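Below is one structure, written out as structure tokens, with a few remarks after it.
Laboratory data are not the source of any read-out in this text; all were calculated from the coordinates shown. What you see is a predicted model, and the numbers here were worked out from it, not measured in a lab. In this analysis, Cβ positions are derived from the backbone assuming ideal geometry, glycine residues included, and neighbour counts consider all displayed protein chains.
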Ligand SMILES: Nc1ncnc2c1ncn2[C@@H]1O[C@H](COP(=O)(O)OP(=O)(O)O)[C@@H](O)[C@H]1O
Ligand SMILES: [Mg+2]
């Protein structure tokens, strides 16, 4: 589904990603962990198409297409979704209008009929219940004055509305209490089928108790320095990232 | 400047044919006009608005006996809700009684010359030309010097005017460059309530220069809403002055919407001349092409315990230019003043520009004043956020700009006018509503 090969990227001449290789197949859940500043969010942004980041080398294939050649909106249409680490507040834009526009734009891209008010409301009600979202939140301007947890939940709500093929969650668990983590995980697991995949970026292994990964990768200084089964997450939690840092030379050829 | 020579001759003719109470005002103003001339960019208040360039062309006053611009022509120009409104029409700067319609009992409309002689003479003598104390330039003097066809509107004490008052300033530039100077003096009596909507329309392909002055007095417990809607053609230039003096504890709510036009300069003055006055001033300018918009505002806190709140927002694209100048005076008596001001601008092209300047002069010590201004591009992060949800760049931009404008549009309490302005903004944003 997603095949990243030798991806190098940076911003304003600063190199951040230094040769990422990663393949995700349908039905898989991957987790990326790693210390702050190692490039996790940059990888997520590059995949979603943020143009401030320059890709200097490498290729990314998504469902048979050259992902790097597509606009951010086309990527969403193709089925890529990024839950932002820091969702943006947009005063004056109602959350409902925003989501309705997004849903219908994506449906148009996918050659589906757009939803009318009734159809949209029905879908929204269903996903709101799934995410335990309050109606009042959705009539407010997008993310404005939302608490940290509300913003994260709103991201997963948007994901549920847009029905992506690949969902990338960038530290969606940070700032969430355990109940909220369960709700978020439940939303993600509802999406996960044998045709879809999830890439979870996280700092802590606790989210991975609920969204169980098939593979765990450690990103450090812009490279994946270690990959392993889900137990790797536990090991990282116990031993911290220092052991990875010390092992880096050993894993250079991974 | 050919126009100046023309004006000198016109003044002699005008003074010879019209006498009356207001001739002394005219004479004084003409003396001031001759001394001051048309402001150059050396005048600090006109630094970025080169009104002199407009006056390099020849403009003339235009008289219409009703045969050229007709009621049928007017129908085509009306704003939504007009059929329910009191309609006051200025044609080429002169009040037209045939084109105007009053629907509310609580209004008295008189030629200013007449008001200056009858029961309102003292009011006129006290309040007419008050704006010249704040606008000491040749443009303001020119309005008074060539006073003709001005009106006095009395919103009677205690009257709640349930039909809004629409004021049309029409310039007929089909034959030559026309100089129009609509002039009004308005009294909003004690405990009265009124909603005023003012708009500007130029027809024809020659240029217009509209030098409009409205002076308004808001008395105790009165509530006034004032909407200025500017969406004229590129060959239309204007200096539009609204001078509001609150003489008793009262409430004013002013919204200025500026879209198309040539060179547009607005002066909005609020003189808070009684304790406990409240004034809200909002503005939205959305300019494209080569339009120029200048909003000069003054809040003069003369008496204590007043509140003023000002928010102007601008979007400029292409080669449009903008100016915002916000003065706040707090006089020595005006303790416990609360005065807030904010101006926010988004530039959508490299060739658009805006100059923004707050000017606070505070002579009292127990006051709360704040001001702030921003000039920036559209937020890239926000744009990316919307795009990442499948919304194309153009649509995402328009959604963000709509969001940016929305808190000003919400301040238009008159539903048909708000819908009308929203429609214009959406059109400009190429917003395809589903
Ligand atoms: N917009 C940016 N401009 C400049 N540097 C950036 C920008 N975004 C990220 N970086 C830098 O890139 C590195 C990786 O950041 P990031 O991808 O956010 O890491 P992580 O998500 O793993 O914490 C950091 O050194 C960060 O300072
Ligand atoms: Mg990050």
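Sorted on the mean count of surrounding Cβ atoms within 10 Å across their residues, most packed first, peptides B:38-46, B:292-300 read B:292-300, B:38-46.
Note on residue A:242/residue B:136: beta-carbon distance plugged into 1/(1 + (r/R0)^6) with R0 of 45 Å gives a FRET efficiency of 0.05. Here the residues A:73, B:361, ranked from fewest to most Cβ neighbours within 10 Å of their Cβ, fall in the order B:361, A:73.
Extent along the principal axes, Cα only, for chain A: 58, 39, 35 Å, with the longest axis given first. Against chain A, whose longest principal axis comes from its Cα atoms, helix A:117-131 is set at around 50 degrees. Of A:124, A:33, A:159, the residue with the greatest mean-square motion in the GNM of chain A, using alpha carbon springs below 10 Å, is A:124.
Multiply the residue separation of residue A:18 and residue A:36 by 0.36 nm, subtract the distance between their alpha-carbon atoms, and state the gained length in nm to one decimal.
Numbers: separation 18, 0.36 × 18 = 6.48 nm, distance 1.60 nm.
This chain segment gains 4.9 nm when fully extended.
At a temperature of 20 °C and a viscosity of 1.002 mPa s, determine how fast chain B diffuses translationally according to Stokes-Einstein, using the Kirkwood radius over alpha-carbon pairs as Rh; express D in µm²/s, rounded to the nearest whole number.
Answer, rounded: 97 µm²/s.
By the equivalent-ellipsoid construction on the alpha carbon gyration tensor, segment B:380-434 comes out with semi-axes of 24, 12, 7 Å, ordered largest to smallest.
Mind checking the full-extension length gain between residue B:427 and residue B:76? Use 0.36 nm per residue of separation minus the Cα-Cα distance, one decimal, nm.
124.4 nm
Hey, can you rank B:253-264, B:125-136 by average C-beta count inside 10 Å, highest first? It would help to have the intermediate numbers written out before the result.
Numbers: B:253-264: 22.8, B:125-136: 17.7.
Ranked by mean Cβ neighbours within 10 Å, highest first: B:253-264, B:125-136.
Given Cα positions, please report Rg to Rh for the protein assembly as shown, the hydrodynamic radius being the Kirkwood one. Before the final figure, lay out each step's value.
Values: Rg = 31.4 Å, Rh = 28.6 Å.
The Rg/Rh ratio comes out at 1.10.
The angle separating the long axis of helix A:178-191 from the principal Cα axis of greatest extent in chain A is about 80 degrees. Exposure proxy ranking for A:66, B:137, based on other Cβ atoms within 10 angstrom of each Cβ and starting from the fewest, stands as A:66, B:137. Just to confirm my numbers, what's the Cα centroid distance between segment B:408-425 and segment A:113-183 in Å? Cα centres, segment B:408-425 to segment A:113-183: 31 Å. Size estimate for segment B:102-146 follows the Kirkwood approach: the inverse of mean 1/r over distinct Cα pairs works out to 12.2 Å.
Largest GNM mean-square fluctuation among B:242, B:337, B:75, using chain B with Cα springs under 10 Å: B:75. Residue B:60 versus residue B:41, label points 7 Å from Cα toward the beta carbon: distance in nm? Inter-label distance under the simple model: 3.1 nm.
If you take each beta carbon of peptide A:87-94 and count the beta carbons of other chains within 10 angstrom, what is the mean?
Working: counts 1, 8, 3, 10, 6, 12, 8, 2.
Rounded to a whole number, the mean comes out at 6.
Each of residue B:21 and residue B:309 was given a label point 7 Å from its Cα along the Cα-to-Cβ line. The distance between the two points is 3.8 nm.
Quick one: plug the Kirkwood hydrodynamic radius of segment A:41-137 (C-alpha pairs) into Stokes-Einstein at 20 °C, 1.002 mPa s, and report D in µm²/s. Answer, rounded: 139 µm²/s.
Remark: mean inter-chain Cβ contacts per residue of B:376-386 equal 5, using a 10 Å Cβ-Cβ cutoff to other protein chain atoms. Once the C-beta distance of residue B:175 and residue B:12 is scaled by a Förster radius of 22 Å, the resulting FRET efficiency is 0.40 to the nearest 0.05.
Restricting to the protein assembly as shown, compute how many DSSP beta bridges are antiparallel as a %, nearest 5.
Working: 32 of 181 bridges.
Counting only bridges with both partners in the protein assembly as shown, antiparallel ones make up about 20 percent.
Express in whole angstrom the spacing between the alpha-carbon centres of segment B:77-148 and segment A:2-76. After rounding, the separation between the Cα centres reads 66 Å. Averaging 1/r over every pair of different alpha carbons in segment B:1-108 and inverting the result gives a Kirkwood radius of 17.3 Å. Potential lengthening of the chain between residue B:373 and residue B:221 amounts to 51.5 nm, from the contour at 0.36 nm per residue minus the alpha-carbon distance.
The spacing between segment B:1-39 and segment B:212-273, judged by their C-alpha centroids, is 25 Å. Per residue of peptide B:406-413, the mean number of Cβ atoms on other chains within 10 Å of the residue Cβ is 1. Cα convex hull, segment B:114-175: 150 Å³ per residue, rounded to a whole number. Considering only B:215, B:380, B:410, the mean-square fluctuation computed in a Gaussian network model of chain B, springs between alpha carbons under 10 angstrom, is largest for B:380.
Cut-off is 10 Å between beta-carbons; in what order do B:26, B:389 appear when sorted fewest neighbours first? List each step's numbers first, then the result.
Details: B:26 21, B:389 24.
By the 10 Å Cβ count, ascending: B:26, B:389.
Panel note: the C-alpha atoms of segment B:75-225, placed on their principal axes, show extents of 45, 37, 25 Å (largest first). Between residue B:125 and residue B:31, the FRET efficiency from the beta-carbon distance, with R0 = 22 Å, is close to 0.70.
The modelled label-to-label distance for the pair residue A:139/residue B:98, using points 7 Å beyond Cα in the direction of Cβ, is 5.2 nm. Return, ordered by residue number, the residues of segment B:183-225 whose backbone nitrogen is under 14 Å from a label point located 7 Å along Cα→Cβ of residue B:157. The answer is B:188-192, B:219-222, whose backbone nitrogens lie closer than 14 Å to the label point.
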